[in-house]
Amino acid sequence: MGNDSSLIDDSQPTCTRPGWGLALLGYGLLTVVMTYPVAFSLFSMFPSSGDYFQDLWTFWFLRTEVLEGGSSAYFTDLLYHPGGVNLALHSLTLSNTAVGAILQQVGPPWFAFNVLFFASFVLAGLGAYFLVRYLTGHAMAAFVAGAIFTFSPFHYDLQHIKIVGIHWFPFFALFFLIGIKEKRWGYAVLAGVTFTIIGLDSWYYLVHAIILGFLMVVYRLVSTPSVFKDRRFWMILLLFTVTCTVTLLPSAMPVIRESLENSDDYQFVRAGKEAFRAVDLLGARYRNASWLLSWPTFFGYTTLLLGVCGVIFGLKRGAGLWFFLLLGIFSLALGTELRIGGQPIPGTGFLPYNLIEEIPLLNVGRAPKRILYLTSFVMAVLAGFGLKCILSRLSRQRVVIVSAASLLLVGAEMWQGPLPMQSPIQVSPFYEKIANDPEQYAIYDVGEDFLGLQMYLQTIHRKPLTQGYTSLTSQSTRSFVTHPSLSMLGDMRSTKVDQFSRDGVDHLRSGNVRYVIAQKKTVGSQAKSRKKVKSRGGSPGKRVRVLYAPLSLAWREIQQAKVASGEEEAVAQEYGARLVKYRSVLTRELGEAVFEDEWIVVWEIPGWGEAR
């Protein structure tokens, strides 16, 4: 680090060099291949379930209730009726949602999700390309580095559009770097605006952007002590801070206020234990699987090789900053204690993430594993340095051959096979019927669990729901559905449904609930065209295994963590058995169902009209 007197090579050109059009086209074509079949299913299928429905609801809410209806974006009584819910800590992902709300007017709801998902890969690659070309001056090395970042494993999150949206980080790093190195006022402003867009996308990512910017400033001060006396440097940082404050504060104030005033009312700010076990010194855990993706598997052998070359040969050419960032970010990703092979190492509670966990507002980052995408980002930059050092020693013809070979190797290692897609769920006509009902009332809609499906159905019927699925939900918000007379209904997993009685019926009536709806099928069984991956056996054993095969070869093992053999069918059968019990109890207390079809069963609260 001491030998690296500057953040970048002053002789290198800036990102204004031509070639970005070809890079954009190249990343577009690569994304078509690497995310197949998303590009061919924009209007007909979607790549996930679960939080995907939550994102569709958020798109709908911003368009119909906020933009068209004039309601606040930070509160709604459409969820957790009758009290409503504060949405300040919900992942509104305003930068994505604003685009999604527009796209929903062009095609079906899932079209917006698919376009944002696809575009994120293209933009992430392009941003990394601009950054690495600025750092190295080499277009081919920059293009490969962009591919390494955008097709890294963390980017393929098929349930959270807010997590997919990592594409602004290369742009932020580029603008911030030019601002503090070249002391350019305009780039300081651009860095501030990009920082705000990241914050509007995800509060988790805002925390990560703060960490990234902080580490870059620390490196600059340590590597170039004369900067301490450079007034223009501090003025650039001040301009950046002012830009961030002016552009972000209106959106951040509700979040800050809710976090500080009602922090004791939230039980979900800290991540669960499994989230802190996700990153190991030997690799990263996929979801809650009992094995680890080794770091060579996670990053890719080609990426690691090029990254090592970048560190060895690029320290005097600007790579020192990125090696420093890699060490800092990786130490944070390790979480609150060091683990080796799944076993915690005593006396390692000094890891830096413990400090983050104690800082208000910064602790909204929750799971340390979420910062892994930044390690992939930094590794991609180091790989760009390494490839540039290799290509600079070759003839022009060999440059093309080695660049193409590197790109093919990266693609082969990161290829995850056709992404699992499913057709839109089938919706009961009952929801369209009540959408046309002018009467105002709420609905208690219960299914396998509340993973956003009912919120998506609300975009059709537009009646308030007594439940909800928001990113962070206070205990007081859930008071109606957790009332002692109603809590046993829960969802189809409830084992106390027999205790539901007349008191629960009265409680529902007091909340102006007219219908209780039970979903007859799980989300997975409703999809007609879901592509399944057959497992080659049961779920992995209890002993921690480390996978060292390239990601593309290990992908079958990864899929086992998602769908064990026959798991979906077994879940559907168990769900059907619970539905029988649920139906019996609800019929006992509410009378015969007033509507039933292939998808739902509906009961009306006795005396609902009289209560009004």
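Name the single residue, out of those in segment 276-294 being more than 14 Å from Leu372 (Cβ to Cβ) and within 20 Å of the chain's Cα centre (by Cα), that is modelled with the lowest pLDDT.
In this case the residue turns out to be Asn288.
So for segment 502-519 (the condition being at pLDDT 90 or above, assigned to a loop (DSSP other than H, G, I, E, B) and open to solvent by 40 Å² or more (accessible area, probe 1.4 Å)), does at least one residue qualify? If you could, list the steps in order and put the result at the bottom.
Of segment 502-519, the ones at pLDDT 90 or above are 502-518.
Retained after the next criterion (residues that are assigned to a loop (DSSP other than H, G, I, E, B)): 511-512.
Cutting the leftovers down to open to solvent by 40 Å² or more (accessible area, probe 1.4 Å) gives us 512.
Within segment 502-519, one or more residues are at pLDDT 90 or above, assigned to a loop (DSSP other than H, G, I, E, B) and open to solvent by 40 Å² or more (accessible area, probe 1.4 Å).
Condition first: open to solvent by 60 Å² or more (accessible area, probe 1.4 Å), farther than 14 Å from Gly511 by Cβ and polar (S, T, N, Q). Now tell me which residues in segment 460-486 satisfy that.
Passing the criteria: Gln475, Ser476.
What do you reckon, is Ile180 hydrophobic (A, V, I, L, M, F, W, C), open to solvent by less than 10 Å² (accessible area, probe 1.4 Å) and farther than 29 Å from Leu292 by Cβ? So that I can check it myself, show each step before the final result.
Values: hydrophobic (A, V, I, L, M, F, W, C): yes; open to solvent by less than 10 Å² (accessible area, probe 1.4 Å): yes; farther than 29 Å from Leu292 by Cβ: yes.
It is true that Ile180 is hydrophobic (A, V, I, L, M, F, W, C), open to solvent by less than 10 Å² (accessible area, probe 1.4 Å) and farther than 29 Å from Leu292 by Cβ.
With the checklist (1) at pLDDT 90 or above; (2) more than 30 Å from Glu182 (Cβ to Cβ); (3) surrounded by 21 or more Cβ atoms within 10 Å (Cβ to Cβ) in hand, flag the one item Phe118 doesn't pass.
Unmet condition: (3).
So for segment 407-417 (the condition being open to solvent by 10 Å² or more (accessible area, probe 1.4 Å), assigned to a loop (DSSP other than H, G, I, E, B), without any contact (Cβ under 8 Å) to a residue 40 or more places away in the chain and not charged (D, E, K, R)), does at least one residue qualify?
no
Is at least one residue of segment 214-231 closer than 30 Å to His90 by Cβ, out of contact with any Ser or Thr (no Cβ under 8 Å at 6 or more places or on another chain) and buried (at least 24 other Cβ atoms within 10 Å of the Cβ)?
No, segment 214-231 contains no residue that is closer than 30 Å to His90 by Cβ, out of contact with any Ser or Thr (no Cβ under 8 Å at 6 or more places or on another chain) and buried (at least 24 other Cβ atoms within 10 Å of the Cβ).
Quick one: which of Gly300, Gly318 is within 22 Å of the chain's Cα centre (by Cα) and either crowded, with 18+ Cβ neighbours inside 10 Å or among the acidic types (Asp, Glu) (or both)?
Numbers: Gly318 fails: within 22 Å of the chain's Cα centre (by Cα).
Exactly one of Gly300, Gly318 is within 22 Å of the chain's Cα centre (by Cα) and either crowded, with 18+ Cβ neighbours inside 10 Å or among the acidic types (Asp, Glu) (or both), namely Gly300.
Just for segment 33-45: of the residues that are open to solvent by less than 40 Å² (accessible area, probe 1.4 Å) and part of a helix (DSSP H, G or I), which one is modelled with the lowest pLDDT? Can you show your working first?
Of the residues in segment 33-45, the ones open to solvent by less than 40 Å² (accessible area, probe 1.4 Å) are 34-35, 37-39, 41, 45.
Among the residues that remain, those that are also part of a helix (DSSP H, G or I) are: 34, 38-39.
On the way: Met34: 93, Val38: 89, Ala39: 92.
Filtering first and then ranking leaves Val38.
Among the residues of segment 103-126, which ones are in contact (Cβ under 8 Å) with a residue 24 or more places away in the chain and either β-branched (Val, Ile, Thr) or touching a His at 6+ places or on another chain (Cβ under 6 Å) (or both)?
Within segment 103-126, Val115, Ser120, Val122, Leu123, Ala124 qualify.
Could we say that Ala435 is of a type in the set (A, V, I, L, M, F, W, C), within 30 Å of Leu79 (Cα to Cα), in contact (Cβ under 8 Å) with a residue 24 or more places away in the chain and open to solvent by 20 Å² or more (accessible area, probe 1.4 Å) here?
yes
Would you confirm, using the coordinates I've provided, whether Ser91 is of a type in the set (Ser, Thr, Tyr), closer than 17 Å to Ile197 by Cα and not in a helix (DSSP H, G or I)? Lay out the reasoning, then the answer.
Working: of a type in the set (Ser, Thr, Tyr): yes; closer than 17 Å to Ile197 by Cα: yes; not in a helix (DSSP H, G or I): yes.
Spelling it out, Ser91 is indeed of a type in the set (Ser, Thr, Tyr), closer than 17 Å to Ile197 by Cα and not in a helix (DSSP H, G or I).
If I go through segment 187-203 residue by residue, how many of them are open to solvent by 20 Å² or more (accessible area, probe 1.4 Å) and at pLDDT below 95?
Result for segment 187-203: 3.
Report, by residue number, each residue of segment 380-398 that is without any contact (Cβ under 8 Å) to a residue 12 or more places away in the chain and either among the hydrophobic types (A, V, I, L, M, F, W, C) or assigned to a loop (DSSP other than H, G, I, E, B) (or both).
Arg393, Leu394, Ser395
Which of (1) modelled with pLDDT of 90 or more; (2) under 30 Å from Ser44 (Cβ atoms); (3) open to solvent by 20 Å² or more (accessible area, probe 1.4 Å) is the odd one out, the single condition Phe430 does not satisfy?
In the conditions (1) modelled with pLDDT of 90 or more; (2) under 30 Å from Ser44 (Cβ atoms); (3) open to solvent by 20 Å² or more (accessible area, probe 1.4 Å), Phe430 misses (3) alone.
Exactly one of these conditions fails for Arg370: (1) modelled with pLDDT of 85 or more; (2) in contact with a His (Cβ under 9 Å, 6 or more places away or on another chain); (3) open to solvent by 10 Å² or more (accessible area, probe 1.4 Å). Give me its number.
All conditions are met except number (1).
Taking the criterion of being over 25 Å from the mean Cα position of the chain (by Cα), among the charged types (D, E, K, R) and open to solvent by less than 30 Å² (accessible area, probe 1.4 Å), would at least one residue in segment 76-94 satisfy it?
no
Out of segment 155-166, which residues are more than 17 Å from Gly417 (Cβ to Cβ), outside any loop (DSSP other than H, G, I, E, B) and either at pLDDT 95 or above or not β-branched (Val, Ile, Thr) (or both)? Lay out the reasoning, then the answer.
First, the residues of segment 155-166 that are more than 17 Å from Gly417 (Cβ to Cβ): 159-166.
Next, only the ones that are outside any loop (DSSP other than H, G, I, E, B) stay: 161-164.
Of everything in segment 155-166, just one residue is more than 17 Å from Gly417 (Cβ to Cβ), outside any loop (DSSP other than H, G, I, E, B) and either at pLDDT 95 or above or not β-branched (Val, Ile, Thr) (or both), namely Lys162.
Of the residues that make up segment 569-580, is at least one at pLDDT 90 or above and open to solvent by 30 Å² or more (accessible area, probe 1.4 Å)? If you could, list the steps in order and put the result at the bottom.
Let us first name the residues in segment 569-580 that are at pLDDT 90 or above, namely none.
No: zero hits.
The values are calculated or read from the model by the stated rules, or taken from the named source; none is laboratory data. Quick caveat, the model's predicted, so the values are computed rather than measured. Glycine gets a Cβ as well: all are built from the backbone with ideal geometry, and neighbour counts include every protein chain shown. Side chains are part of the model used for accessible areas, which takes the heavy atoms of the whole protein and leaves out ligands, DNA and RNA. Shrake-Rupley method; radii C 1.70, N 1.55, O 1.52, S 1.80 Å.
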